[in-house]
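Chemist: Here you go, one structure.
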Amino acid sequence: MIHELQITNISAGAVSVHILIELLANIGIAPERVIEKTVPKQGVCLSVFFEREGRLQEVLKKLRACHLKGIRIRQKTLRTEDWRDRWKKDLKPFKLTDRFDVVPAWSKSRKRSPREPLFLDTTLAFGTGLHETTRFMAYLIEWHKGPFKRFLDIGTGTGLLSVIAAKCGAKELWAVDIDPNSVVTAQENMKANHLEFDSVRSGDFRQIILEGVFDYVAANIITDELISMKDRIIGSVAPGGTLAVSGISLKNLERFRRSFKSRELVCRRILRGKAWAAILYKKKVSHA
């Protein structure tokens with residue numbers, strides 16, 4: 001069974017959609033896990049899906065403690081089949097970057113496009129490219145120039161960023177996600193694109209044993225997790241390598257930059273959207 005947390009009547013409340021998504025991020029729900037859609041007569045609604053009802057109750061308790069006036073919060077239980085059917089109905093092929101389209105693996109539509117298709121399927125793994133944070137990361141990987149041998153995807157979700165990295169020339173692909181279901185989905189998506197991971201693991205990144213360092217590291221996770229894993233993340237980047245991070249709300253951007261400051265990193269680029277940001281770093285080469 002799948003458990004859905006719905007937030008509706010947002011327009012009648014005192015906070016905006018972006019603030020609500022940031023609030024969810026602050027209590028551990030990554031932005032790409034929040035499904036945003038417009039419903040007739042209700043306006044914008046947000047949904048978050050959980051496999052464990054206990055986790056939903058934890059999030060529900062924290063939200064209600066915020067006393068969000070005017071906003072309605074409710075929970076529903078769905079059969080897994082119903083969730084999959086809803087997802088397949090809602091997700092259509094779309095342009096991700098100038099080079100790539102995201103095409104649902106089940107889609108019968110094979111319209112001609114000047115862009116290269118990335119085939120994607122998902123159950124509870126998120127990172128379709130519909131959210132700003134994922135789009136930013138996709139762009140930064142596509143934009144990368146230079147040596148690109150080993151790629152590490154932290155918080156892989158659907159595996160989309162690893163697919164893009166492979167298409168952009170990465171020869172060795174490693175991925176980590178704390179959710180074992182995401183790992184399964186990411187592996188399936190790699191197969192759908194005729195690719196495979198060299199290593200994909202489920203667990204806390206702080207405890208995952210890595211072999212060597214990586215030319216490009218991508219971490220699309222929430223701000224506080226990025227900060228808490230700062231040393232581990234920076235340590236996984238090869239000297240002269242690239243680090244792309246996202247999942248940073250604009251409100252948290254300056255706090256993140258102060259907390260993530262390192263003598264080892266040079267900030268090369270910052271992408272700002274309506275509510276989120278991504279940063280591209282270069283790791284210095286030590287001459288000691």
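Chemist: Can you tell me what the convex hull of the Cα atoms of the range 172-288 projects to on average, as an area in nm²?
Modeler: Values: hull surface 32.7 nm².
Taking a quarter of the hull surface, the average projection is 8.2 nm².
Chemist: Shape call for the range 249-288 from the C-alpha gyration tensor, a ≥ b ≥ c root eigenvalues: rounded (a/c under 1.5), prolate (a/b greater than b/c) or oblate? Write out the running numbers ahead of the final one.
Modeler: Details: a/c = 5.83, a/b = 2.12, b/c = 2.76.
Oblate shape, in that a/c is at least 1.5 and b/c is the bigger or equal ratio.
Chemist: Using Cα positions and a limit of under 20 Å, work out the aspartates and glutamates in reach of Lys149, with same-chain residues fewer than 8 apart set aside.
Modeler: List returned: Glu172, Glu196, Asp198, Glu211, Asp215.
Chemist: Continuing with this model, one more query. Summing +1 for each Lys or Arg and -1 for each Asp or Glu, what net charge is found among the other residues whose Cβ lies under 14 Å from the Cβ of Leu253? Numbers along the way, then the final one.
Modeler: Values: positive: Lys251, Arg255, Arg257, Arg258, Lys261, Arg269, Arg272, Lys274; negative: Glu22, Glu132, Asp224, Glu254.
The answer is +4.
Chemist: Next question. Taking θ as phi - 60°, what are the ³J(HN,Hα) couplings along the range 264-269 by the Karplus curve (6.51, -1.76, 1.60), each to the nearest whole Hz, with x for Gly and Pro?
Modeler: Listing the rounded values in order: 7, 10, 10, 6, 9, 6 Hz.
Chemist: From the alpha carbon gyration tensor of the range 92-283, can you work out the equivalent ellipsoid semi-axes (sqrt of 5 times each eigenvalue) and give them in Å, largest to smallest?
Modeler: Ellipsoid semi-axes (Å, largest first): 25, 18, 16.
Chemist: Which entries of Lys92/Lys191; Lys230/Lys284; Lys171/Lys251; Lys251/Lys282 show an alpha-carbon separation above 26 angstrom in the structure shown? It would help to have the intermediate numbers written out before the result.
Modeler: Details: Lys92/Lys191 20 Å; Lys230/Lys284 16 Å; Lys171/Lys251 36 Å; Lys251/Lys282 24 Å.
The pairs that break the limit, which is 26 Å between Cα atoms, are Lys171/Lys251.
Chemist: Please give the length that would be gained between Arg232 and Glu196 if that part of the chain were fully extended, namely 0.36 nm times their separation in residues minus their C-alpha to C-alpha distance (nm, one decimal).
Modeler: Length gained between Arg232 and Glu196: 10.5 nm.
Chemist: Search the structure for amide H atoms under 5 Å from the amide H of Val44, placed 1.01 Å from N in the peptide plane, and list their residues when 5 or more places away or on another chain.
Modeler: Close amide H contacts, sequence-distant or interchain: Ser11, Val39.
Chemist: At a threshold of 8 angstrom on Cα-Cα distance, excluding pairs fewer than six apart, so keeping six or more, what relative contact order does the range 149-285 reach in percent?
Modeler: Working: 275 pairs, mean separation 27.9, N = 137.
RCO, the range 149-285: 20 percent.
Chemist: What are the ³J(HN,Hα) values, in whole Hz, obtained from phi via the Karplus relation 6.51 cos²θ - 1.76 cosθ + 1.60 with θ = phi - 60°, for each residue of the range 66-77 in sequence order, with x given for Gly and Pro?
Modeler: Values, residue by residue: 7, 6, 7, 5, x, 8, 9, 10, 9, 10, 9, 10 Hz.
Chemist: Do the sum for the chain: with -39,500 (n - 2.57) for every DSSP H run of n ≥ 4, divided by all residues, what is the mean residue ellipticity at 222 nm, to the nearest 500 deg cm²/dmol?
Modeler: Values: 9 runs with 85 residues, N = 288.
The helix contribution divided over the chain gives -8500 deg cm²/dmol.
Chemist: Here's another thing I want to ask about it. Under 10 Å, Cα contacts only: if you run a Gaussian network model on the chain, which one of Glu264, Glu188, Glu22 comes out with the highest mean-square fluctuation?
Modeler: Per the Cα network of the chain with a 10 Å cutoff, Glu264 tops the list.
Chemist: For Gln207 and Ile27, calculate 0.36 nm times their separation in residues minus their Cα-Cα distance, and state this gained length in nm to one decimal. Don't skip to the answer; put the middle values down first.
Modeler: On the way: separation 180, 0.36 × 180 = 64.80 nm, distance 2.19 nm.
Taking 0.36 nm per residue and subtracting the Cα distance, the gain is 62.6 nm.
Chemist: Given the peptides 167-176, 43-52, 154-163, arrange them by the average over their residues of other C-beta atoms within 10 Å, most packed first.
Modeler: Working: 167-176: 20.0, 43-52: 16.9, 154-163: 28.2.
The densest-packed peptide leads the list: 154-163, 167-176, 43-52.
Chemist: Using Cα-Cα distances under 8 Å and only pairs 6 or more residues apart, what relative contact order does the chain have, in percent?
Modeler: Relative contact order comes out at 14 percent.
Just so you know, all these numbers are worked out from the coordinates, no wet-lab data involved. Given the structure is predicted, the values throughout are model-derived calculations rather than measurements. Methodologically, a virtual Cβ is constructed for each residue, glycine included, from the backbone with ideal geometry; neighbour enumeration extends over all protein chains shown.
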